[in-house]
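Shown next, in structure tokens, is the structure this report addresses.
The values are calculated or read from the model by the stated rules, or taken from the named source; none is laboratory data. Just so it is clear, the structure is predicted and the values come from calculations on it, not from any experiment. Here the Cβ positions follow ideal geometry from the backbone for every residue, glycine too, while neighbour counts run over all protein chains shown.
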Amino acid sequence: MKTIALILLLFPLWVSPAGAAPDAANELFATAQKAAAEKRFDDAIQAYESILTEHPEAMSRWFSAQSGIAQMLAKKGDLAEAVKAARLCLDSAPTLQNYNEAIGLTANILSALDKNVDRANAFIAFQQTGPAPGVTNPIEAIPYPSLPAREAAFAVLRQNAGDDAAASRLRAFTYLLTGKPKEALAQFADAFRRSSTPQNIQRSGADLVLTGLRAVRGHAFGLDKALAFVVSGPEGAGGNTNAGGVADPFEGLLPPAPAPGEGGLDGAGPDDLAALRRVHDAAKLYLGDRWVPEMVRRSALGALHRSNDALDGWGEAGQKDWYLDLAFNSGFKERWAGEVIDDGVVASTEAAAKGRALHLGGVSALWKEIDAYYAAHQLAPGKGMESIRNQFKATLAALAGMQFPKSTTSKLKSPASF
């Protein structure tokens with residue numbers, strides 16, 4: 001099982017599949033572009049499809065590949081299928097810039113299909129306002145394309161993706177690219193629950209709202225309020241329930257979260273889960289025993305952290321308090337005057353405090369609890385503790401500082417041609 005081979009990694013950094021595309025995917029993309037230039041549209045579509053189904057490591061190409069498929073279908077005159085393919089572009093756009101590109105492409109294909117601009121402009125209006133009196137989304141009446149070969153290939157990709165936040169993200173995009181936005185949102189939520197480092201949390205928090213929630217809603221209007229919930233939780237930035245709080249944007253859109261420690265949505269079988277639980281329980285036993293040598297305890301700390309990621313185990317009952325007690329009574333050697341804190345323990349405590357929630361309010365509350373401990377014991381946080389706190393603050397600032405420009409797509413004056 002791949003999980004066990006990775007389990008002793010202490011704190012795996014986020015390695016996004018959306019990094020630089022490998023040579024094989026680049027060659028396929030060049031092949032598709034060459035075929036398109038030569039008006040061999042079916043060959044281009046086949047090359048673009050291969051990028052999607054054969055290269056999960058090249059996710060940076062997936063949106064462009066799907067957009068290419070929509071354009072090739074339009075150019076070959078199959079506008080009815082082209083607009084279905086464009087709907088997948090809308091769902092799977094990984095950034096708001098890509099989403100605006102998809103809006104323009106979809107509107108142009110709609111106008112070419114209808115030979116007038118009425119439906120296209122109604123779609124553009126919906127994107128600029130969201131649901132409003134007299135404004136509806138005409139794209140919802142368009143079915144998703146039937147893609148049995150892609151479905152089969154993606155089923156294999158999901159099975160082999162793994163058990164960390166990056167794997168959940170990959171599974172989410174396979175659902176977006178097969179017309180299943182609600183299933184994709186559930187996977188983005190799974191990624192957020194598994195996220196336990198600043199890099200993971202920032203990426204998965206943004207994905208959850210900017211891609212997952214947007215795809216289910218069918219528009220990007222009002223996403224700033226949804227991200228505010230992820231940053232602060234239902235009590236809002238001030239933590240004051242009397243201030244009105246922040247509405248949960250995911251209410252009614254997600255099934256109940258799986259119980260912690262059951263493997264989440266990665267599809268792990270009972271044997272894999274049993275093996276992971278043995279690693280988890282042994283690591284917790286070694287970590288909690290002050291008589292175990294420090295080097296062994298540090299390895300156990302990493303194994304326990306990784307097993308919680310893999311099991312979707314953050315948020316178990318009593319977990320945060322167990323880690324917090326470990327942080328202040330761990331017996332690890334002092335690294336800075338006045339502290340007996342290991343930074344890895346505090347990172348795990350943050351992940352436990354976040355728990356099953358789709359927001360970071362629990363982590364903010366944890367830091368208030370830590371401050372109270374220092375005040376009660378007349379201690380000052382050392383450099384290590386402040387470094388971890390500052391990483392969390394930077395994560396909050398990055399998420400809270402995201403911009404949400406309205407769609408700039410102008411209404412069409414005449415139907416497009418391809």
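Please find, within region 324-351, the residue that is modelled with the highest pLDDT out of those that are out of contact with any helix residue (DSSP H, G or I) (no Cβ under 8 Å at 6 or more places or on another chain) and within 13 Å of Y373 (Cα to Cα). Among those residues, the one meeting the criterion is D325.
What are the residues in region 7-38 that are among the small types (G, A, S) and either at pLDDT below 60 or surrounded by fewer than 18 Cβ atoms within 10 Å (Cβ to Cβ) (or both), if any? Even if it seems obvious, please write down each step before you answer.
Within region 7-38, the subset among the small types (G, A, S) is 16, 18-21, 24-25, 30, 32, 35-37.
Of everything in region 7-38, those that are among the small types (G, A, S) and either at pLDDT below 60 or surrounded by fewer than 18 Cβ atoms within 10 Å (Cβ to Cβ) (or both) turn out to be S16, A18, G19, A20, A21, A24, A30, A37.
Taken over region 299-313, the residue count meeting the criterion of being among the aliphatic types (A, V, I, L, M) and surrounded by fewer than 24 Cβ atoms within 10 Å (Cβ to Cβ) is 2. Restricting region 143-161 to residues that are assigned to a loop (DSSP other than H, G, I, E, B) and surrounded by fewer than 18 Cβ atoms within 10 Å (Cβ to Cβ) leaves a set whose member that is nearest to the chain's Cα centre (by Cα) is Y144.
Of the residues V279, V296, which single one is at negative phi and either among the small types (G, A, S) or surrounded by 16 or more Cβ atoms within 10 Å (Cβ to Cβ) (or both)?
None of the others qualify; the one that does is V279.
Conditions first: (1) buried (at least 20 other Cβ atoms within 10 Å of the Cβ); (2) touching a residue at least 40 places away in the same chain (Cβ under 8 Å). A102 passes all but one, so which condition is the exception? A102 satisfies every listed condition except (2). Being under 20 Å from K84 (Cα atoms), of a type outside the set (V, I, T) and in contact with a helix residue (DSSP H, G or I) (Cβ under 7 Å, 6 or more places away or on another chain) is a property that P148 lacks. Figure legend. Inter-residue proximity from region 391-418: first residues free of Cβ contacts under 8 Å to residues at least 12 places away in the same chain, second residues among the β-branched types (V, I, T) and surrounded by 15 or more Cβ atoms within 10 Å (Cβ to Cβ), beta-carbon distance below 9 Å, spacing 6+ or different chains. No pairs are indicated. Return the residues of region 372-401 that are touching a Pro at 6+ places or on another chain (Cβ under 8 Å) and not hydrophobic (A, V, I, L, M, F, W, C); say none if nothing qualifies. Result: Y374, R389, Q391, T395.
Rundown of residues vs (1) at pLDDT 95 or above; (2) farther than 21 Å from D309 by Cβ; (3) crowded, with 18+ Cβ neighbours inside 10 Å, yes/no style:
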position: L176; (1), (2), (3): yes, yes, yes
position: K180; (1), (2), (3): yes, yes, yes
position: F188; (1), (2), (3): yes, no, yes
position: I201; (1), (2), (3): yes, no, yes
position: A220; (1), (2), (3): no, yes, yes
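In the set (1) closer than 24 Å to F154 by Cβ; (2) assigned to a helix (DSSP H, G or I); (3) modelled with pLDDT under 95; (4) among the polar types (S, T, N, Q), Q71 fails one condition alone, (3).
Residue-level check: of (1) within 30 Å of N108 (Cβ to Cβ); (2) surrounded by fewer than 15 Cβ atoms within 10 Å (Cβ to Cβ), F404 misses just (2).
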